[in-house]
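Structure first, then comments.
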Amino acid sequence: MRGLITLIDSYIERDPAAKSRIETLLTSPGLHALGLYRVAHLLYSLKLTTFARLVSYIARFITGIEIHPGAKIGNHLFIDHGMGVVIGETSSIGNKVTIYHGVTLGGTSPSEDSDKQKNTKRHPTINDNVIIGSGAQVLGPITVGKNSKIGSNSVVAKDVDENMSVVGIPARYTSESPSDLTGFSAYGLTSGKDSRKTIVDNIINENEDLKKRIEEIERKLK
């Protein structure tokens, strides 16, 4: 019971829309998906894979969140909104991870040589305190270091170092996410600290550089 209360409180801490424990318990699809996942994962560990997949399917129907019962999930995973979240079979998620809607923890080209991909690690490993923004795609057996942030709609197919923020298609480093940063920063964005540039600042600077290059090319062409 204490563990459930702690989990609910972790949702309230990270969800400004949450007003009370009862409301969070009754109306949070992330909590419901996690509860059903725990049942499915237990059945999966007992080799009752058909029943495990059935529970997972029911959870998907109810919450819009698809978690394969074979995935390994740590404590206090926060799935906000949740619709369209997919967590693959060999995914591994650490403690206090935050995932927003539309996120995929998937494999790469699962339809190609699918027999060879069975019983192999083909999904990401997400370490503690990672934030994954809405719509992000994290693909393949890569590792995302602890305290890292992945910006919304990014596509990540390579390892991400600890305490870093990435954004873009393909994702690239944009700023440091210091481990001593207090508070919760949503959607994989870093608010900036001291002389560190924010993700938005970096994107603006890159766009300005591209604009100058295009103008220079146009002048040469004329």
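The values are calculated or read from the model by the stated rules, or taken from the named source; none is laboratory data. Since we're looking at a predicted model, the values are computed, not measured. Quick reminder, even Gly has a Cβ in these numbers, built from the backbone with ideal geometry, and neighbours come from all protein chains shown. When the accessible area is computed, the model is the full protein with side chains, heavy atoms only, and any ligands, DNA or RNA have been set aside. Shrake-Rupley method; radii C 1.70, N 1.55, O 1.52, S 1.80 Å.
Side notes on the structure shown:
- At full extension, ILE12 and ARG38 could sit 7.3 nm farther apart than now, given 0.36 nm per residue minus the alpha carbon distance.
- Across the stretch 1-144, the fraction of Cα-Cα pairs farther apart than 28 Å, rounded to a whole number, is 14%.
- Of all accessible heavy-atom area on the stretch 113-167, the percent that carbon and sulfur account for (1.4 Å): 42
- Most to least accessible of THR63, THR50 (protein chains only, probe 1.4 Å): THR50, THR63
- Heavy-atom SASA rank of VAL39, VAL85, VAL55 (probe 1.4 Å, accessible area, largest first): VAL39, VAL55, VAL85
- Judged by the mean number of other Cβ atoms found within 10 Å, the most tightly packed of the peptides 134-146, 210-222, 13-25 leads the ranking 134-146, 13-25, 210-222.
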